[in-house]
Amino acid sequence: MGRHTLKPMLKYYCKYCLGRQGNGDIMARIAVEKNIAYDDNKKLYYVTMDYGKDNTGKRIKTTKTFEKKKDAQTALKQFNADKVKGTLVFPSTQTLGEWLLYWLNDIKSIKCEETTLYGYRNIINNHFIDGLGSYKLQELKPVIINKYFKNKKDKGLSNNTIRKHYDLLKDALKHAVNEDKILKNPLDKIEPIKEQKNEMNFYSVEQLKTLFLLVENNRMEIVVKLAGMLGLRREEIAGLK
């Protein structure tokens with residue numbers, strides 16, 4: 001094949017991204033414009049989102065597909081506008097469970113008393129990890145979180161307990177916004193859970209004496225007496241050394 005014949009063919013094929021699908025068929029994507037390509041086999045437009053370099057120097061890119069060219073152009077235009085305004089966050093696969101453990105161990109551990117951390121740890125390990133932990137942090141939506149709260153209510157948790165879950169999650173996601181992990185806090189669009197005001201009931205002196213006799217020489221004796229005589233809460237007793 002002559003040099004003059006090869007040159008036009010190279011020019012033609014350079015317009016395409018050539019690859020091989022799993023079934024052995026050749027697929028071709030033609031560049032429509034900068035960062036937009038069209039796959040003639042799949043009849044889809046591919047938009048490349050270039051986020052730039054992260055803090056390790058690695059260039060981060062993602063690709064989204066669209067059936068219509070106009071939709072692809074609109075998405076790319078919006079992405080570039082957000083990039084200029086600085087309202088983008090680097091894509092991440094970090095889960096809510098992973099973030100909550102970071103929030104607890106690296107942020108709250110240097111700000112809170114051990115008794116408070118004990119309460120946070122119980123909520124995270126006994127509720128959030130199973131209920132929401134597998135969701136990607138950047139995929140959390142108000143509808144997902146509302147379903148979590150509804151599920152906890154159906155399982156018998158009180159409004160006061162669910163409010164603790166709400167406050168914990170809102171603070172954890174606030175720090176995720178501050179560290180540019182997510183753009184917005186989904187809890188900002190969810191009304192706080194209303195707490196119930198419970199009527200306070202107290203043991204009489206005689207009732208306390210009876211209770212102390214019942215737990216004498218029992219492994220719960222110290223715990224009950226600390227709560228009864230000093231009014232310590234469960235988390236405060238658990239935090240004593």
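The values are calculated or read from the model by the stated rules, or taken from the named source; none is laboratory data. None of these values were measured; they are calculated from a predicted model. For neighbour counting, all protein chains shown are included, and Cβ atoms are generated from backbone atoms with ideal geometry for every residue, glycine included. To get the accessible areas, we keep the full protein, side chains included, count just its heavy atoms, and leave off ligands, DNA and RNA. Shrake-Rupley method; radii C 1.70, N 1.55, O 1.52, S 1.80 Å.
In region 175-204, which residue that is open to solvent by 100 Å² or more (accessible area, probe 1.4 Å) and of a type in the set (A, V, I, L, M, F, W, C) is farthest from Thr161 (Cα to Cα)? Restricting to residues being open to solvent by 100 Å² or more (accessible area, probe 1.4 Å) and of a type in the set (A, V, I, L, M, F, W, C), the top hit is Phe202.
Select from region 183-222 the residues that are more than 30 Å from Ala172 (Cβ to Cβ) and in contact (Cβ under 8 Å) with a residue 12 or more places away in the chain and list them in ascending order. Correct list: Tyr203, Leu208, Leu211, Phe212.
Elements of the type helices (runs of 4 or more DSSP H) sitting completely within region 174-241 and holding at least 2 residues that are within 27 Å of Arg121 (Cβ to Cβ): these cover 221-230, 234-238. If we keep just the residues of region 157-169 that are part of a helix (DSSP H, G or I) and of a type in the set (S, T, N, Q), which is most open to solvent (accessible area, probe 1.4 Å)? Among those residues, the one meeting the criterion is Thr161.
Evaluate region 102-111: report whether one residue or more is open to solvent by 50 Å² or more (accessible area, probe 1.4 Å) and hydrophobic (A, V, I, L, M, F, W, C). Yes, region 102-111 has at least one match.
Residue-wise test of (1) at pLDDT 95 or above; (2) part of a helix (DSSP H, G or I); (3) out of contact with any Gly (no Cβ under 6 Å at 6 or more places or on another chain).
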| residue | (1), (2), (3) |
| --- | --- |
| Trp99 | yes, yes, yes |
| Tyr118 | no, yes, no |
| Ser134 | yes, no, yes |
| Asn146 | yes, yes, yes |
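Return the total of residues in region 122-156 being free of Cβ contacts under 8 Å to residues at least 40 places away in the same chain and surrounded by 16 or more Cβ atoms within 10 Å (Cβ to Cβ). Counting residues in region 122-156 that are free of Cβ contacts under 8 Å to residues at least 40 places away in the same chain and surrounded by 16 or more Cβ atoms within 10 Å (Cβ to Cβ) gives 7.
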